[in-house]
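So the structure is just underneath, and the comments pick up after that.
The values are calculated or read from the model by the stated rules, or taken from the named source; none is laboratory data. Because the structure is predicted, anything quoted here is derived from the model rather than measured. Cβ coordinates were reconstructed from backbone atoms using ideal geometry, including for glycine residues, and neighbour counts include every protein chain displayed. These accessible areas exclude ligands, DNA and RNA; they are computed on the full protein's heavy atoms, side chains included. Shrake-Rupley method; radii C 1.70, N 1.55, O 1.52, S 1.80 Å.
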Amino acid sequence: MGFPKDYRTRFKVLGVIVKEQALRVSTVYGNELAATVTSRDKLPYPEGSIILVEFTDALRDANNQPVRDANGTLQRGAVDHIDVMKRGKDFGEAYGANRTGEWEYAGYRLDGSYTTPPEKSGQCAACHRTAGPENDFVFRMKAAPARM
């Protein structure tokens, strides 16, 4: 699949997930193809779509307190890891019964090395099965109205 090192400049932010209790901020990015899917009626995602989630702990101040913006929203700190899913012809066959359409998954560190290589990402596919085929196995679509 390959790590998209320039995702922050080339991909569009599709959403931000703030987990207050865990003090985590996750930013969801999509390449140009993935960004074209703005509602369920535009599913499935086109071949070549890439969705990336950047996981960070909340930024902390000198007193180890979470930093918030003017609206009280947690600010993202250093990137912990990045999970990527990519749609391609015949992708996902290795996941067997956990296959989620033609999606392949991988986890990365910022240096591009794997936290989880595609061939060991069966647990990612198993989790994405819970988003359901009606949402093309993408959690973002699970929460989406018919038209976003």
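Would you mind working out the magnitude of the charge dipole of region 30-91 relative to its Cα centre, with +1 at each Lys and Arg C-beta and -1 at each Asp and Glu C-beta, to the nearest 20 Debye?
Computed charge dipole of region 30-91: roughly 140 debye.
Might you work out the accessible area of ARG99 for me, using a 1.4 Å probe with all protein chains in place, and round it to the nearest 10 Å²?
Looks like 70 Å² after rounding.
Taking 10 °C and 1.306 mPa s as the conditions, I'd like the Stokes-Einstein D for region 77-148 in µm²/s, using the Kirkwood hydrodynamic radius from alpha carbon pairs.
Once the numbers are plugged in, D ends up at 123 µm²/s.
Distance between Cα centroids, region 39-85 to region 1-29: provide it in whole Å.
4
Please report, in whole Å³, the volume per residue of the convex hull around the C-alpha atoms of the chain. It would help to have the intermediate numbers written out before the result.
Working: hull volume 18.6 nm³, N = 148.
Cα convex hull per residue, to the nearest whole number: 126 Å³.
Answer with one residue from SER121, ILE51, ASN71: the one whose Cα lies farthest towards the positive end of the charge dipole of the chain, charges on Cβ with Lys, Arg +1 and Asp, Glu -1.
Positive-end residue among those listed: ASN71.
At ASP111 and GLN65, where each label point lies 7 Å from the Cα along Cα→Cβ, what is the point-to-point distance in nanometres?
3.5
What figure, in Å² to the nearest 10, do you get for the accessible area of THR38 with a 1.4 Å probe and non-protein molecules left out?
50
Given the -39500 (n - 2.57) contribution per DSSP H run of 4+ residues, what per-residue ellipticity at 222 nm results for the chain, rounded to the nearest 500 deg cm²/dmol?
Details: 4 runs with 20 residues, N = 148.
For the chain, the value works out to -2500 deg cm²/dmol.
For the chain, which whole percent of the accessible surface, found with a 1.4 angstrom probe, sits on carbon and sulfur atoms?
Looking at the chain in its full context, I get 50 percent from C and S.
Given the pairs LYS19/LYS120; LYS12/LYS120; LYS19/LYS42; LYS19/LYS89; LYS89/LYS120, which span a C-alpha to C-alpha distance of over 23 angstrom in this model? Could you put the intermediate results ahead of the total?
Numbers: LYS19/LYS120 27 Å; LYS12/LYS120 27 Å; LYS19/LYS42 28 Å; LYS19/LYS89 34 Å; LYS89/LYS120 19 Å.
Those over the limit are LYS19/LYS120; LYS12/LYS120; LYS19/LYS42; LYS19/LYS89.
Please work out the average accessible area per residue across the chain, using the 1.4 Å probe convention, and give it in Å².
55
Put a dot 7 Å past each Cα toward the Cβ at ALA97 and CYS127; how far apart are the dots in nm?
Once both label points are built, they end up 2.1 nm from each other.
Using +1 on the beta carbon of Lys and Arg, -1 on that of Asp and Glu, and nothing else charged, what's the dipole of the chain about the Cα centre, debye to 20?
280
What number comes out for the charge environment of GLU54, summing +1 per Lys or Arg and -1 per Asp or Glu over other residues with Cβ under 12 Å away?
+1
Near LYS5, within a Cβ-to-Cβ distance under 12 Å, what is the net charge of the other residues, with Lys and Arg +1 and Asp and Glu -1?
My count for the surroundings of LYS5 gives +1.
If you build a Gaussian network model of the chain, linking Cα atoms that sit under 10 Å apart, which residue out of GLY30, GLY72, GLY132 swings the most?
Residue with maximal mean-square fluctuation among GLY30, GLY72, GLY132: GLY72.
Taking the Kirkwood radius as the inverse of the mean 1/r across Cα pairs, report the Rg/Rh of region 20-59.
Details: Rg = 13.3 Å, Rh = 11.6 Å.
That ratio is 1.14, to two decimals.
Considering only the other residues whose Cβ falls under 14 Å of the Cβ of THR115, what net charge follows from Lys and Arg at +1 and Asp and Glu at -1?
In short, -3.
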